[in-house]
Amino acid sequence: MKQRIHISDVDNNPAMCFDTGLDPRSFARTKMSQSLIEQGFIVNPDGSHEIWKPAGVNETNGSMRVFGAAFQGERLDILLDEPKTKKQTLMEAVIYWIRAKLILGDTRSSLNPGASFIKSNGSVFFTPEHLSNRCLYVEGSHLDRYNCPDLIGMDTAAFCAGVMLYKIITGNHPYPSKDIYQDMREGVFLPMRLAAPNMNEKLSNLIQAALLLPVPKKRTAKSGVDILTDLLNLLTNKENDITADTPLFIKLPKEKIEQIEREKKTYLFRQKVAVKTKRFVSLNKYFIIGCGLGLLFALFVFFSTARGFTQRPTTEGMSPDTVVVAYYEAFSSLNHILMQACINGADKGDINVAASLFAIMKQRQAYGIENAPSIIQARVWRQSGGELPSPNAFGVTDLVVDFVGGSEDEGLVMYRASYYLWSPDESFARDRSDKLMLKRDRRKHWRIIEIDRTER
């Protein structure tokens, strides 16, 4: 990978160069020339700092390059990613970086480790922010693995320091997945107590506090300045030299290590499930809401239907002759629901007639038809001295029910029902004789299973 921020010769003198990857026309069109007035900062070991400014711009191999005074140091991100770099060297580089950030304070400076250079004597060069970000983007380092875009000021610096220390101590980046920014915002990483269980507790807690700065519900009371100051005090002595007085690691018994490994596996499994579930819900919340509403509606319909079935009439507790009488009374009153409860397999012609007349009556009521006569039971009409033909009389009169045969103990009986059936607008009644067979159903209720009709 070609390094776009590097030391190179300009007019036979070493210079710090920033290769923008832009041809002259694009350089002008994107107003990158404004980077010539952008400042960088060099922080010296004695605590002083100086401003670095670009000296000019030239074209190299068709690409515009901004250059300025050389700074002979190592790029921090390259140090962090180099497997052969000693841990002590990395710790020193990060400590120098932290100290330099505290010296500059809120002064705006680049926080990407790829835009920071470290000398072995402790000097730190923070390159111009926008210029270096452009170069790192062209280089392929546009995904900043050390900074959270939601943080500002010294909180950003503390978070960056925490990520660097986590990587140095554990050997792994805290956010290895492609959803790095989302992991940062949600605090999805292996906690320090599990990632480095033998590390000094104070240092572990400070790194943990730094990584939780982007997570409002989990962050501690410590600010970014507090975390950086405490880190520097823990890792350096009064002379600001790297201290060896505070051991960074402690020795753990074998049993404790095995216990922590088990906790680590359990934690990673639970975290993976929780994160996948949470993000699936977040990405599909409208679909889930729709499914939930659909399920609630289905449950409402189901329970409403079930309640309707439980509230429907049955022939429970009725004797066979009572069922027969109830059937014809329901026929007269157009109670087709009770008629349905009285039969089980018998012809449903009577039920269809009753249901049709019931629907006609309800339709008349719904449309508010004036002077539309309502259907009355034939027995009531006869008792009130009604005359033929009647436009609205319907039902059974003169009902006589006789036992024919069978045995209730054996669960099968037969009855004969004789009656007159009156219908609307007819000047005569139909003389009927029905032979009915009743049988107990699986609930031990008597129901009509057959109707053999004779009409005269």
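The numbers here are math on the coordinates, done by the rules we state, and not lab data. A quick note: this is a predicted structure, and the numbers were derived from the prediction, not measured. Neighbour counts run over all protein chains shown; Cβ positions are idealised from the backbone, glycine included.
Please arrange TRP446, TRP52 by counting, for each residue, the other beta carbons lying within 10 Å of its beta carbon, fewest first.
So the residues, fewest neighbours to most, are TRP52, TRP446.
Using 1/(1 + (r/R0)^6) with R0 = 56 angstrom and r between the beta carbons of ASN352 and CYS291, what's the FRET efficiency to the nearest 0.05?
That gives a FRET efficiency of 0.90.
If I histogram all Cα-Cα distances within the chain using bins 20 Å wide from 0, what percent of pairs lands in each bin?
Result returned by the calculation: 18, 28, 11, 10, 20, 12, 0.
Among PHE41, PHE280, PHE159, which comes first, then next, by fewest other beta-carbon atoms within 10 Å?
On the way: PHE41 20, PHE280 11, PHE159 25.
Least crowded to most crowded, the residues run PHE280, PHE41, PHE159.
Can you find, among ILE260, GLN39, SER407, the residue farthest towards the positive end of the dipole of the chain? Put +1 on the C-beta of Lys and Arg, -1 on that of Asp and Glu.
Working it through, the farthest residue towards the positive pole turns out to be ILE260.
Treating the beta-carbon of each Lys and Arg as +1 and of each Asp and Glu as -1, no other charges, what is the dipole magnitude of the range 1-61 about its Cα centre, to the nearest 20 debye?
Values: 6 positive and 8 negative charges, 74 e Å.
Charge dipole, the range 1-61, about its Cα centre: 360 debye, nearest 20.
Treating only the Cβ atoms of Lys and Arg (+1) and Asp and Glu (-1) as charged, compute the dipole magnitude of the chain about its Cα centre; round to the nearest 20 debye. It would help to have the intermediate numbers written out before the result.
Working: 58 positive and 52 negative charges, 149 e Å.
Charge dipole of the chain: 720 debye, to the nearest 20.
LYS86: net charge of surrounding residues, Cβ under 13 Å, Lys/Arg +1, Asp/Glu -1, itself excluded?
Details: positive: LYS84, LYS87; negative: GLU74, GLU82, GLU92.
After counting each charged neighbour, the total is -1.
For the range 320-455, what mean projected area does the convex hull of the alpha carbons give, in nm²? The partial results should precede the final answer.
On the way: hull surface 35.0 nm².
For the range 320-455, averaging the hull's shadow over all directions gives 8.7 nm².
Farthest toward the dipole's positive end in the chain, which of GLY290, PHE394, TYR166, given Cβ charges of +1 (Lys, Arg) and -1 (Asp, Glu) about the Cα centre?
TYR166
Exposure proxy check: LEU234, LEU299 ranked by fewest other beta carbons within 10 Å?
On the way: LEU234 15, LEU299 10.
With the sparsest Cβ surroundings first, the list reads LEU299, LEU234.
For the range 145-251, what is the Kirkwood hydrodynamic radius in Å, using each pair of distinct C-alpha atoms? Don't skip to the answer; put the middle values down first.
Working: mean 1/r = 0.0714 Å⁻¹.
When all Cα pairs of the range 145-251 are included, the Kirkwood radius is 14.0 Å.
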